[in-house]
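Worksheet for the structure shown next.
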Amino acid sequence: MPLIALGINHRTAPVDIRERVAFPSERLDEALRALVELPEVQEAAILSTCNRTELYCGLEGEDNSALIGWLCSYHHLRPEDLQPYLYIYPDEAAVRHMFRVAAGLDSMVLGEPQILGQMKTAYQSAVDAGTLTAQLGKLFQHTFTVAKQIRTDTAIGASPVSVAFAAVSLARQIFGDLSKQTALLIGAGETIELAARHLADHKLGRMIVANRTVERAHALAAEFNGYAIALSEMPTHLAEADIVISSTASQLPILGKGTVERALKKRKHRPIFMVDIAVPRDIEAEVAQLDDIYLYTVDDLKEVIQENLKSRQEAATQAEEIIDVQCAHFLGWLRSLDAVSSIRDFRAQADATRDDVLDKARQLLAQGRDAEQVIQFLAHTLTNKLIHTPSANLRQAGYEGRADLIQAARELLGLPKRDT
């Protein structure tokens, strides 16, 4: 059964196209069931994120036009509007693509870990919808194994390459376990949301979100079981924070040296780790002069990110080598499926022969024949019957000069090699 990966991503399509082709999670089950209703589609899974939408399918034949037509029809798009942005990977290329996606090698941020979780969600959705069978299900399981191996055996995910991730990684270096720490996030934009996600992934103890628009702060805080406050309330809560990450659009600093000094006194000079991602800066530069304050700016993080990106690129080369090996392993398993029916038929034939000879042996025993003679009869007759057809075919192959068939038979039967 041919495999195919078909989709669009951040490299091939602008955001307005990606938005139109996205599958909302609440409609994914319906979409999967509709997809496998196509006569050409035997099994399917859908991966849909902000950066990509991909269909992974096992097809009845080689024609993928029905798949493209379905995707366009489902999202009310004309094929000519979508096709310039599509990529299609068949068979081996589809396997390699899935491995690369799961490992973060095809991501906007090289090596980012979120995509593996998203792919696992896509797999579970397909399992729940009943749209996976053995072949594609096995590919997903192998994909997860490959991604785990790449994470374990390379440094692809060891170094932060986004500002938010770098900020949280630095916090972990300072505090280690974050489960007893409180973080104050100032702002509610994309960078702060990403920082909140990374903090939550590392089991942060408590989160406070401060924003000029309190409703937006509430929305973000609620997603991570946090507490929302207005910017005007920030001085009151600053002393609670072990970690401060700020990224607003303010043209003037919103956190001054005096406010931080008062917070430190309340904390009895327990240290505060601060990251000012904003440009212009949210935190007065003089704050860095205070004892027990570790203040980093976006420029400090960029140096870390650039150095770490080089490290990830080196790791990506190692990851591609792992993918080459694992791709060959999976394709070998896939090819082995072609032999399954032959193995089943051969085993059934052998079982039938065994049962026939065993029945005759039992009849001989019932007639009172000597047990040793019956055992000899059973062994001799069963051996002759099992080797008769292969022997006859090998003899015929020799008569016809089929040296290739004779050599293949020796390999198949596990016979020692002979000089020709």
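The values are calculated or read from the model by the stated rules, or taken from the named source; none is laboratory data. If you're wondering where the values come from, they're calculated on a predicted model, not measured in any experiment. Here Cβ is always computed from backbone atoms with ideal geometry, including for glycine, and neighbour counts include all displayed protein chains.
Here D291 passes the criteria (1) assigned to a loop (DSSP other than H, G, I, E, B); (2) among the acidic types (D, E); (3) under 30 Å from T381 (Cβ atoms) except the one numbered (3).
Residue by residue through segment 257-299, note down the ones that are among the acidic types (D, E), surrounded by fewer than 19 Cβ atoms within 10 Å (Cβ to Cβ) and in contact with a helix residue (DSSP H, G or I) (Cβ under 7 Å, 6 or more places away or on another chain). Those that are among the acidic types (D, E), surrounded by fewer than 19 Cβ atoms within 10 Å (Cβ to Cβ) and in contact with a helix residue (DSSP H, G or I) (Cβ under 7 Å, 6 or more places away or on another chain): E286, D292.
Look at (1) surrounded by 11 or more Cβ atoms within 10 Å (Cβ to Cβ); (2) more than 22 Å from S342 (Cβ to Cβ); (3) modelled with pLDDT under 90 and you find that Q407 fails only one, number (2). Of all residues in segment 89-136, those being in a helix (DSSP H, G or I) and at positive phi number 1.
Filtering Q326, Q349, Q367 for residues that are polar (S, T, N, Q), over 49 Å from the mean Cα position of the chain (by Cα), outside the structural domain of A134 (by TED's automatic domain parsing) and farther than 30 Å from S247 by Cα leaves a single hit, Q367.
Regarding segment 142-155, can at least one residue be identified that is among the small types (G, A, S), more than 17 Å from the chain's Cα centre (by Cα) and buried (at least 22 other Cβ atoms within 10 Å of the Cβ)? No, every residue in segment 142-155 fails to be among the small types (G, A, S), more than 17 Å from the chain's Cα centre (by Cα) and buried (at least 22 other Cβ atoms within 10 Å of the Cβ). Tell me, please, whether a residue that is farther than 20 Å from V304 by Cβ and in contact (Cβ under 8 Å) with a residue 40 or more places away in the chain can be found in segment 164-177. No: segment 164-177 contains no residue that is farther than 20 Å from V304 by Cβ and in contact (Cβ under 8 Å) with a residue 40 or more places away in the chain.
Which one is surrounded by the fewest Cβ atoms within 10 Å (Cβ to Cβ), of the residues in segment 237-254 that are more than 14 Å from V209 (Cβ to Cβ) and at pLDDT 95 or above? Within segment 237-254, the match that is surrounded by the fewest Cβ atoms within 10 Å (Cβ to Cβ) is A239. Considered as a group, the residues in segment 46-80 that are without any contact (Cβ under 8 Å) to a residue 12 or more places away in the chain and either among the aliphatic types (A, V, I, L, M) or surrounded by fewer than 16 Cβ atoms within 10 Å (Cβ to Cβ) (or both) include one that is nearest to I322 (Cα to Cα), and that residue is S65. Among the residues of segment 188-225, just one is closer than 16 Å to A249 by Cα and touching an Asp or Glu at 6+ places or on another chain (Cβ under 8 Å), namely A210.
Inspection of segment 91-101 finds a residue satisfying the criterion of being touching a Pro at 6+ places or on another chain (Cβ under 8 Å) and within 17 Å of H329 (Cβ to Cβ).
Can you confirm whether segment 277-285 contains a residue that is in a strand (DSSP E or B), in the same structural domain as G176 (by TED's automatic domain parsing) and under 26 Å from S162 (Cα atoms)?
The answer is yes, given that some residue of segment 277-285 is in a strand (DSSP E or B), in the same structural domain as G176 (by TED's automatic domain parsing) and under 26 Å from S162 (Cα atoms).
A residue that is of a type in the set (D, E, K, R) and closer than 29 Å to H202 by Cβ occurs somewhere in segment 54-66.
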